[in-house]
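Asks: First the structure, which I've put down as structure tokens, then a few questions once you've had a look.
The values are calculated or read from the model by the stated rules, or taken from the named source; none is laboratory data. What you are looking at is a predicted structure, and each value in this text was computed from that prediction instead of being measured. Glycine also receives a Cβ, built like all others from the backbone with ideal geometry; neighbour counts cover every protein chain displayed. Only protein heavy atoms, including side chains, enter the accessible area calculation; ligands, DNA and RNA are left aside. Shrake-Rupley method; radii C 1.70, N 1.55, O 1.52, S 1.80 Å.
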Amino acid sequence: MMHDVDRPSEQRIPVHDIPGIDPAVVAEVERETSRLLSELIRIDTSNPPGDETRVAEHMLRWFRERGLEGEIVGEPAERAGFVLRVDSGRPGPSLLLLAHEDVVPANAPDWRVPPFSGLIEGDYVWGRGALDIKNLVAAHAVATARVAAAGGPAAGALVYACTADEEEGSVGGARWLVHNRPDLVHTDYVINEGGGHFLERGGRRLYFLESGEKGTAQFRLIVKGETGHASVPLRNGNAVVAAARVVEALASHEAPLVVDASSEDLVRTLVDAPRLRERLRDPRTARAALAELARRDVQVADMIEPLYGFAFSPTIVRSNSVAVNVFPTRVEVSVDCRMLAGHDEQEVLTEVRTALDGVEADWDLEWIGPVTPGNSSPYPSRFSEVIAATLKRHVPDAELAVRHSVGFTDSNWFRAAFPDTIAYNFAPHIVEGYDEVTPRIHNVDERIHVRDLAFQALFVERVAQGLLS
Ligand SMILES: [Zn+2]
């Protein structure tokens, strides 16, 4: 049952109205994208375990019905992706439309609607993946089919890919694809999930394009202790107590503050006061300036802070004690660590040693999964110019701004494997803004406005036509 489905957006942009696009086309694309997204949501690809091949098979059939032939690729067999190429037959640039098939799990009792129902109601498509990121699996597909139906791109090639295993592990999926099938996915340009939410500021709509992202270095600290019967308190050597000291020291550690292009860009875009802006760009004053900014505008401060360097977030603590009355010999503290582009695991290790210097604990560090350095693509470029011009045509008060993502997306694998590829994260909304959309991602009642879904398809179709000419 649903109640109080809020629709504040309806006042801003009337239904079926996207400036510069025939309302009949908008309505048709809205129907087509909504139907496909709803079908995709009903295929539960919660990761783990993912089982994404069912989405790949669905897309193979969907394109086949439109006379287009693609390929199911990837390992293991139950975790495959799907790739399709529309070649103009004429020399020119190539563009890959990328999205992932898997979703994060959903706890059904917490939701207003069943999370894998794909219900279309109240101008929304509801369900897990509606915003992250089956919306793009659907929008990119409709855009690709429309470009093909219009005779293909004027030059070069348009490539469609949906891939497995983005949310957890990245063992197969995009990482596998760039290393094993570069013949299919090595293109000049990649457009992927991440950016495209807009903030309304000073009468303008600020759209963020993500040109890069922080790296990931997740690790486990193994804190060792002495065992024994807990009825006799250990004077020293209780691993639980030592682990508590480790957690506290890491969480309160202030890593050296780094000002690089990623925070500079964002400060220039979002902070108007000249003196505050200057202080935010000086590593010696940035921390105090950030505290001041947080009092004025906590949203902007929260966007800038993670771009100042390392972030250590302890998330799991686990002891190997088998009983309450036995001291453990080992307590594991798992830490999510993000680092700026240009930093590596050696610097993470040095920073952890500094943070834990003098802390009474016997610890070792082991990495969880691969350490993935951050990376970025050049900006501006011909690609960003086409994106900015297309946006301006359909959202007259829009302004494109660049930022680095503080999270991780599959764009990282493409930039690392193909240094000549420019990968941007951008999928614009037109009805609902950053404040409405971002809290729903990885959360309950995930849903996308059908107009935003249609716009994402129509937008990327026009970017492809503009770029591949
Ligand atoms: Zn995602």
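Asks: Within region 362-401, can you find the residues that are at positive phi and over 22 Å from the mean Cα position of the chain (by Cα)?
Replies: Narrowing region 362-401 to residues at positive phi: 369.
Within region 362-401, no residue meets the criteria.
Asks: Would you check which residues across region 284-327 are part of a strand (DSSP E or B) and touching a residue at least 24 places away in the same chain (Cβ under 8 Å) and list them? Give the derivation first.
Replies: Just the residues of region 284-327 that are part of a strand (DSSP E or B), to begin with: 311-319, 326.
Within region 284-327, Ala311, Phe312, Ser313, Pro314, Val317, Ser319, Val326 meet the criteria.
Asks: Identify, please: which residue in region 307-328 is in contact with a strand residue (DSSP E or B) (Cβ under 7 Å, 6 or more places away or on another chain) and closer than 17 Å to Arg403 by Cβ and is, among those, least open to solvent (accessible area, probe 1.4 Å)?
Replies: Residue satisfying both the conditions and the ranking: Leu307.
Asks: Look through Arg245, Arg235, Arg181 and report the one residue that is over 30 Å from Ala99 (Cα atoms) and touching a residue at least 60 places away in the same chain (Cβ under 8 Å).
Replies: Values: Arg235 fails: touching a residue at least 60 places away in the same chain (Cβ under 8 Å); Arg181 fails: over 30 Å from Ala99 (Cα atoms).
Being over 30 Å from Ala99 (Cα atoms) and touching a residue at least 60 places away in the same chain (Cβ under 8 Å) holds for just one of Arg245, Arg235, Arg181, which is Arg245.
Asks: Look through Thr227, Thr163, Thr216 and report the one residue that is surrounded by 24 or more Cβ atoms within 10 Å (Cβ to Cβ) and among the polar types (S, T, N, Q).
Replies: Values: Thr227 fails: surrounded by 24 or more Cβ atoms within 10 Å (Cβ to Cβ); Thr216 fails: surrounded by 24 or more Cβ atoms within 10 Å (Cβ to Cβ).
Going through Thr227, Thr163, Thr216 in turn, just one is surrounded by 24 or more Cβ atoms within 10 Å (Cβ to Cβ) and among the polar types (S, T, N, Q): Thr163.
Asks: Shifting gears a bit: Quick one: which of Arg205, Arg201, Arg175, Arg146 is under 21 Å from Thr372 (Cα atoms), charged (D, E, K, R) and more than 13 Å from the ligand (Cβ to nearest atom)? Before the answer, list the steps.
Replies: Numbers: Arg205 fails: under 21 Å from Thr372 (Cα atoms); Arg201 fails: under 21 Å from Thr372 (Cα atoms); Arg146 fails: under 21 Å from Thr372 (Cα atoms).
Going through Arg205, Arg201, Arg175, Arg146 in turn, the sole match is Arg175.
Asks: How many residues does region 230-252 contain that are of a type in the set (Ser, Thr, Tyr) and either open to solvent by less than 80 Å² (accessible area, probe 1.4 Å) or in contact with a Ser or Thr (Cβ under 6 Å, 6 or more places away or on another chain) (or both)?
Replies: The first filter runs over region 230-252 and keeps only residues of a type in the set (Ser, Thr, Tyr), leaving 231, 252.
Cutting the leftovers down to either open to solvent by less than 80 Å² (accessible area, probe 1.4 Å) or in contact with a Ser or Thr (Cβ under 6 Å, 6 or more places away or on another chain) (or both) gives us 252.
Qualifying residue count for the region: 1.
Asks: Here's something else I'd like to know. Name the residue that is surrounded by the fewest Cβ atoms within 10 Å (Cβ to Cβ), counting only residues in region 355-399 that are under 23 Å from Gln465 (Cβ atoms) and in contact with a Ser or Thr (Cβ under 7 Å, 6 or more places away or on another chain).
Replies: Among residues in region 355-399 that are under 23 Å from Gln465 (Cβ atoms) and in contact with a Ser or Thr (Cβ under 7 Å, 6 or more places away or on another chain), the one surrounded by the fewest Cβ atoms within 10 Å (Cβ to Cβ) is Tyr379.
Asks: Run down Ala311, Ala261, Ala255, Ala301 and say which single residue is farther than 28 Å from Pro380 by Cα and either out of contact with any Ser or Thr (no Cβ under 8 Å at 6 or more places or on another chain) or modelled with pLDDT under 95 (or both). Lay out the reasoning, then the answer.
Replies: Working: Ala311 fails: farther than 28 Å from Pro380 by Cα; Ala261 fails: farther than 28 Å from Pro380 by Cα; Ala301 fails: farther than 28 Å from Pro380 by Cα.
When all the criteria are applied, what remains is Ala255.
Asks: Quick one: in region 329-341, of everything that is surrounded by 21 or more Cβ atoms within 10 Å (Cβ to Cβ) and within 16 Å of Val223 (Cβ to Cβ), which residue is farthest from the chain's Cα centre (by Cα)?
Replies: Here is the first cut: in region 329-341, the ones surrounded by 21 or more Cβ atoms within 10 Å (Cβ to Cβ) are 331, 333, 335, 337-340.
Those left that are additionally within 16 Å of Val223 (Cβ to Cβ): 331, 333, 335.
Values: Val331: 31, Val333: 25, Val335: 20 Å.
The qualifying residue farthest from the chain's Cα centre (by Cα) is Val331.
Asks: Continuing with the same structure: When Leu266 is evaluated against the numbered criteria (1) modelled with pLDDT under 95; (2) under 26 Å from Ala217 (Cβ atoms); (3) open to solvent by 70 Å² or more (accessible area, probe 1.4 Å), which criterion, by number, is the only one it fails?
Replies: (3)
Asks: To continue, here is another question. So, in region 182-192, of the ones that are more than 16 Å from the ligand (Cβ to nearest atom) and within 15 Å of Arg415 (Cα to Cα), which residue ends up surrounded by the fewest Cβ atoms within 10 Å (Cβ to Cβ)?
Replies: Here is the first cut: in region 182-192, the ones more than 16 Å from the ligand (Cβ to nearest atom) are 182-189.
Then drop every residue that is not within 15 Å of Arg415 (Cα to Cα), which leaves 182, 185-189.
On the way: Pro182: 12, Val185: 26, His186: 18, Thr187: 26, Asp188: 19, Tyr189: 26.
Filtering first and then ranking leaves Pro182.
Asks: Continuing with this model, one more query. Consider region 406-443. How many of its residues are free of Cβ contacts under 8 Å to residues at least 40 places away in the same chain and among the polar types (S, T, N, Q)?
Replies: So the answer is 1.
Asks: Also: Every residue in region 1-37 that is touching a helix residue (DSSP H, G or I) at 6+ places or on another chain (Cβ under 8 Å) and at pLDDT below 90, please.
Replies: Pro8, Ser9, Ile13, Val15, His16, Asp17
Asks: Can you tell me which residues in region 115-146 are in a helix (DSSP H, G or I), buried (at least 24 other Cβ atoms within 10 Å of the Cβ) and either touching a Cys at 6+ places or on another chain (Cβ under 9 Å) or not hydroxyl-bearing (Ser, Thr, Tyr) (or both)?
Replies: Just the residues of region 115-146 that are in a helix (DSSP H, G or I), to begin with: 134-146.
When the remaining residues are screened for being buried (at least 24 other Cβ atoms within 10 Å of the Cβ), the result is 134-144.
Passing the criteria: Lys134, Asn135, Leu136, Val137, Ala138, Ala139, His140, Ala141, Val142, Ala143.
Asks: Quick check, is Leu184 modelled with pLDDT of 95 or more and under 27 Å from the mean Cα position of the chain (by Cα)?
Replies: On the way: modelled with pLDDT of 95 or more: yes; under 27 Å from the mean Cα position of the chain (by Cα): yes.
Answer is yes for this residue.
Asks: Oh, and also: Search region 82-114 for residues being within 16 Å of the ligand (Cβ to nearest atom) and outside any strand (DSSP E or B), and hand back the single one that is surrounded by the fewest Cβ atoms within 10 Å (Cβ to Cβ).
Replies: For region 82-114, the residue satisfying everything is Pro105.
Asks: Please indicate, with yes or no, whether at least one residue in region 151-168 is more than 13 Å from the ligand (Cβ to nearest atom) and free of Cβ contacts under 8 Å to residues at least 12 places away in the same chain. Show your work before the answer.
Replies: Taking region 151-168 as the starting set, the residues that turn out to be more than 13 Å from the ligand (Cβ to nearest atom) are 151-161.
From what is left, the residues that are free of Cβ contacts under 8 Å to residues at least 12 places away in the same chain are 151.
Yes, the conditions are met somewhere in region 151-168.
Asks: Do the conditions hold for Glu75, that is, is it within 16 Å of the ligand (Cβ to nearest atom), in contact (Cβ under 8 Å) with a residue 12 or more places away in the chain and among the charged types (D, E, K, R)?
Replies: Numbers: within 16 Å of the ligand (Cβ to nearest atom): no; in contact (Cβ under 8 Å) with a residue 12 or more places away in the chain: yes; among the charged types (D, E, K, R): yes.
No; evaluated as a whole, the condition is false for this residue.
Asks: Going through region 116-136 one residue at a time, which ones are within 16 Å of the ligand (Cβ to nearest atom) and either aliphatic (A, V, I, L, M) or farther than 25 Å from Ala161 by Cβ (or both)? I'd like the intermediate steps shown before the answer.
Replies: Start the filter on region 116-136 by keeping residues that are within 16 Å of the ligand (Cβ to nearest atom), which leaves 127-136.
Across region 116-136, the qualifying residues are Ala130, Leu131, Ile133, Leu136.
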